[in-house]
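Below is one structure, written out as structure tokens, with a few remarks after it.
All of the numbers you see were taken from the coordinates with simple rules; none came from a lab. It should be emphasised that the depicted structure is a prediction, and the values quoted were computed from it without experimental measurement. Positions of Cβ are backbone-derived with ideal geometry, glycine not excepted, and every protein chain shown enters the neighbour counts.
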Amino acid sequence: MEHRYIFVVGGVMSGVGKGTVTASLGRVLEAKGFRTTAIKIDPYINVDAGTMNPVEHGEVFVTIDGDETDQDIGNYERFLEEDIYRDNYMTTGRVYLSVIERERALGYNGRCVEVVPDVPNEVIDRIERAATKSEADFVLVEVGGTIGEYQNILFLEAARMMRQKAPDRVRHILVSYMPVPPSIGEMKTKPTQYAIRSMMGAGLVPDFVVARSEMQIDEPRRRKLSLTCGVPEGCVIGSPNVPSIYEVPLLFEEQGFGDLVLKSFGIVSKKKNGLRDWKKMVTHIRESKEEVKIGVVGKYFSTGNFVLSDVYISVLEAIKHAAWARGKKPVIEWINSEQFEQDPKSIRLLSSLDGVVIPGGFGSRGVEGKIKTIQYCREHKIPYFGLCYGMQLAVVEYARHVLKWKDAHTTEIDEKTTHPVIHLLPEQERPMLEGKYGGTMRLGAYPCRLKKGTIAAQAYRAARVEERHRHRYEFNNVYRQAIADAGLVFSGINPDQNLVEIVELPEHPFFLAVQFHPEFQSRPLHPHPLFLRFFDAAFARKTGKNQEKSLDKKRSKPL
Ligand code: GLN
């Protein structure tokens, strides 16, 4: 089948869940028997998301082939249950860079290279290349930003040109916000009408309008939108807030969105009941009642008065996937590690948790608080799962408090430490000296050999795995023997470079930390084995605590 392209653009404002809509429609089309992939276009100049402050931009999601992308790519992977590659992500910076490089290499045969059509043409080339590589029947293309802003205009032009070139194979969807102002108590369509007008000004006519709102859009408003915007009534799809984003594909299916999209291309569904597993999972989510409390100790949590869990979205989703698979309800507590530096006694609050995760991170802020967290978890037998920085700092903590190397540290923070237990990867020295920070970390999937009989090997039920990386520092092998003699087990090693990938403690309910980012490979229908194992330990702690409590109650009863 020839590739079909579906552009998804946003109206009224950003942050209404265009990524979730794109991923959910992808899931629905997959469920109808079509190979579907998704592309994210970001309007900023950064060549990738790797150089941006996560508080501003959210999580940097890493693909198997080592691209540092927008978190929406993570959503696509989770909803489509497939790996997405570098070709499926582009930014203004990336597009311009290749146009300019091609011009420098005389790639335009001496003619004048112009913003239009050369930039949109480059966008189209990239979209078509990604389509060919993924062999997809349907290619969803999400254009970042909002209709009417200056930044994404060339991407909209690419969407328009593709439609003009192949009208039968290109569709346009507007995802727009319908506010329900509390003072009025009624859903307003006017902002969306303006958005559609701007969209038409850019030469695009929406085939579908997805109405994102606090509530489901009603008939009169569907009619109104259809009338004022030229979209058939049936093609206004409601997308009200739901308790879990994983419900959105079901919501779309109920409204026949997938079939309508197929019909607009003149295609019929190839499969029935394709969402059966998904439905089962959503039922599991809805029915999960028993709470398990997981603390995520990090630093990128707030801006002004707002708490940003988006920075760790894949970690959060991976915890949820594991919890739901066990029929439990995860309760996440976001803890800023600096709190333990300012008020050391507050560390005791960790004992109320069933498990603790320290996710990836950079720089010195909050590091001592994280080390205190790890020490507390190790000594008080609280399940601990360290990810990347969380692994490096677990090694630092062990070196300081078990081997008594008081100044042990990572050279990322203290270059002069006499015990640099974590140090710069040798191949990182040059880019650091030359100031080449963008896209130069150790990125993407690398193999890891697992040591037989360890918790890691048991959890994975494998001898070798591949996991995704994003770091510049690593365990310093000079200290391997001494630290192993002191009891830390090196349960995962990269076979090609002999790098430490996993450390664990056998005499602990769960103390395991990894140099990689397992959270990027967790999927709702296929939770990550290490997260599952960690979650089981957290649940066991909760059960143990409850038993203790009831024993205490019995004990305190007067005889
Ligand atoms: N800052 C550490 C490094 O660069 C850890 C990176 C991470 O946690 N992703 O190695």
Handout entry: Under 20 Å from the Cα of Lys272 - lysines, other chains or at least 8 residues apart
Key = Lys32, Lys263, Lys280
Handout entry: Above-threshold pairs, the threshold being 18 Å between Cα atoms, out of Lys370/Lys436; Lys370/Lys452; Lys293/Lys328; Lys190/Lys224; Lys372/Lys406
Key = Lys370/Lys436; Lys370/Lys452
Completion exercise
Note: segment 438-554 at 37 °C, 0.692 mPa s; Kirkwood Rh on alpha carbon pairs; Stokes-Einstein D in µm²/s works out to 208
Completion exercise
Per residue convex hull volume, Cα only, segment 156-285, in Å³ is 120
Completion exercise
In deg cm²/dmol, rounded to the nearest 500, the helical mean residue ellipticity at 222 nm of the chain, built from -39500 (n - 2.57) for every DSSP H run of length 4 or more, is -11500 deg cm²/dmol
Exercise for the section: May I ask you to sort Val205, Val21 by Cβ crowding, counting other Cβ atoms within 10 Å and putting the fewest first? Expected result: Val205, Val21
Completion exercise
Per segment 7-52, sqrt(5λ) over the Cα gyration tensor eigenvalues, sorted largest first, in Å, gives 24, 15, 8
Fill in the blank from the handout: Computed on Cα atoms, Rg of the chain relative to 2.2 N^0.38 Å comes out at 1.04
Problem - Stokes-Einstein translational diffusion, segment 225-351 - Kirkwood Rh over all Cα pairs, 1.306 mPa s, 10 °C, in µm²/s - result: 87
Practice task
Please report, to two decimal places, log10 I(q)/I(0) for segment 91-202 at q = 0.14, 0.16, 0.20, 0.22 Å⁻¹ as given by the Debye formula with identical point scatterers on the Cα atoms and no solvent.
Solution key: -0.70, -0.86, -1.15, -1.28
Practice task
Report, in cubic angstrom per residue, the convex hull volume of the C-alpha atoms of segment 405-458.
Solution key: 137
Completion exercise
The value for segment 137-206 (convex hull of the alpha-carbon atoms, volume per residue, Å³) is 105
Problem - Pairwise label distance in nanometres, Glu291 with Asn121, each label 7 Å out on the Cα-Cβ vector - result: 6.0
Problem - Kirkwood hydrodynamic radius over Cα pairs of segment 367-453, then Stokes diffusion coefficient at 20 °C and 1.002 mPa s, in µm²/s - result: 145
Exercise for the section: On a 0 to 90° scale, report how tilted helix 529-556 is relative to the longest principal axis of the chain, with both axes built from alpha carbons and the result rounded to the nearest 10. Expected result: 60
Practice task
Could I have the simple spin-label model distance between Thr51 and Met200, label points 7 Å from Cα toward Cβ, reported in nm to one decimal?
Solution key: 4.1
Exercise for the section: Enter the angle in degrees (range 0 to 90, nearest 10) between the Cα long axis of helix 153-165 and the first principal axis of the Cα atoms of the chain, meaning the one along which they spread out most. Expected result: 50
Problem - Principal axis dimensions, segment 1-123 - Cα atoms, whole angstrom, descending - result: 48, 42, 34
